[in-house]
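Below is one structure, written out as structure tokens; comments come after it.
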Amino acid sequence: MSETAKLPLGGVDVAILVGGLGTRLREALPDVPKPMAPVLGRPFLFYQLDMLALRGARSVTLCCGHMADRIASAIGKTWLGMPVNFSVESSPMGTGGAISLARPWLTSSHVLVMNGDSWLTMDYQKLRAASNRADIVLAATRMENCSRYGRLEVFDGMVTALSEKSSGDADGLVNGGIYLMNQETLASLPEKAFSLERDYLAHSAKNGHIVCFESAGPFLDIGVPDSYHQAGRFFKTLGIDPLAMFPDDPDFSNVQPRFGCFAVVFDELSRIVLELRAEI
């Protein structure tokens with residue numbers, strides 16, 4: 001087994017849904033694609049790509065629509081050595097149709113699907129282990145107020161229903177926006193515009209095809225201005241604040257991390273005699 005395969009997402013192809021119009025966030029960011037919303041000077045999507053690459057994902061396909069060209073020009077074809085593909089809708093396909101359109105790049109035995117505007121911290125090795133129980137693993141997290149997201153109905157570890165958003169403020173499990181599905185499920189997605197959540201997952205839950213994987217989080221969805229404005233504090237709490245490393249506060253909007261190595265050789269008097277740096 002290769003070293004990459006031992007990583008939490010080794011050998012897994014990932015699809016990120018980044019094609020939404022972001023209508024609720026336009027008040028705060030009128031001219032920016034939602035996944036490119038800056039957080040601490042860096043696009044939100046950059047943090048997701050960092051996380052996936054460092055966990056060994058085999059590839060990422062960005063399911064694009066609105067402002068696809070701006071996303072593609074900012075990301076490029078690789079990220080920390082991880083290949084990046086772009087599946088671009090010619091017309092709105094919904095979350096389900098977008099995944100169906102991206103199938104040519106999603107060939108691993110199980111495919112990870114993520115929303116491009118949310119973050120849920122979890123153990124991806126345990127998420128993958130749960131895939132032996134059902135065709136789809138849905139990552140969930142518990143919230144004190146489910147009204148914005150809708151509540152998941154779960155029995156014996158299986159998702160039985162995905163409820164619509166409600167006016168109530170009761171606590172419960174909500175959809176974390178991350179799914180692991182096998183190739184049979186991916187192949188069954190229709191080639192048309194549809195909602196993955198409302199049209200496909202809701203039906204799959206009724207038929208016992210979705211296992212619930214609960215994560216303690218933390219969880220963030222930047223889809224509305226109030227939660228977007230909390231994103232900086234959220235990433236600082238996670239310890240991935242770029243400004244902590246660069247206190248002079250440069251412009252991070254187009255910065256991509258790179259792998260590299262650095263070597264320093266000292267003599268017997270602790271003087272530096274050689275410095276070498278190589279980017280991979």
Carbon plus sulfur fraction of accessible area for the stretch 78-174, probe 1.4 Å, in percent: 50 percent
Packing rank of 227-239, 44-56, where each peptide gets the mean count of other beta carbons within 10 Å, highest leading: 44-56, 227-239
Probe 1.4 Å, protein heavy atoms only - accessible area per residue of the stretch 59-178 in square angstrom: 44 Å²
The stretch 84-124 residues near the modelled residue 54 label - backbone nitrogen below 16 Å, point 7 Å along Cα→Cβ: 119-124
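Looking at the stretch 1-150 only, what percent of DSSP beta bridges run antiparallel? Nearest 5 please. The partial results should precede the final answer.
Numbers: 5 of 20 bridges.
That works out to approximately 25 percent antiparallel.
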Derived scalar couplings ³J(HN,Hα) [the stretch 133-149; Karplus, 6.51 cos²θ - 1.76 cosθ + 1.60; whole Hz; x for Gly, Pro]: 9, 6, 5, 10, 10, 10, 7, 10, 9, 8, 10, 6, 10, 8, 4, 6, 10
The stretch 218-242-the stretch 84-135 distance, computed between alpha-carbon centres (Å): 22 Å
Cα extents of the stretch 46-91 along the three principal axes, largest first (Å): 32, 16, 15
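Report the per residue volume, in Å³, of the convex hull enclosing the C-alpha atoms of the stretch 104-185. Spell out each step's value before the answer.
Numbers: hull volume 9.4 nm³, N = 82.
With only Cα atoms used, the stretch 104-185 gives 114 Å³ per residue.
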Amide H contacts under 5 Å for residue 175, placed H, 5+ residues apart: 152
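The values are calculated or read from the model by the stated rules, or taken from the named source; none is laboratory data. Everything numeric in this text was worked out from a predicted model, so none of it was measured. Note that we place each Cβ from the backbone using ideal geometry, even for glycine, and neighbour counts take in every protein chain shown. Side chains are part of the model used for accessible areas, which takes the heavy atoms of the whole protein and leaves out ligands, DNA and RNA. Shrake-Rupley method; radii C 1.70, N 1.55, O 1.52, S 1.80 Å.
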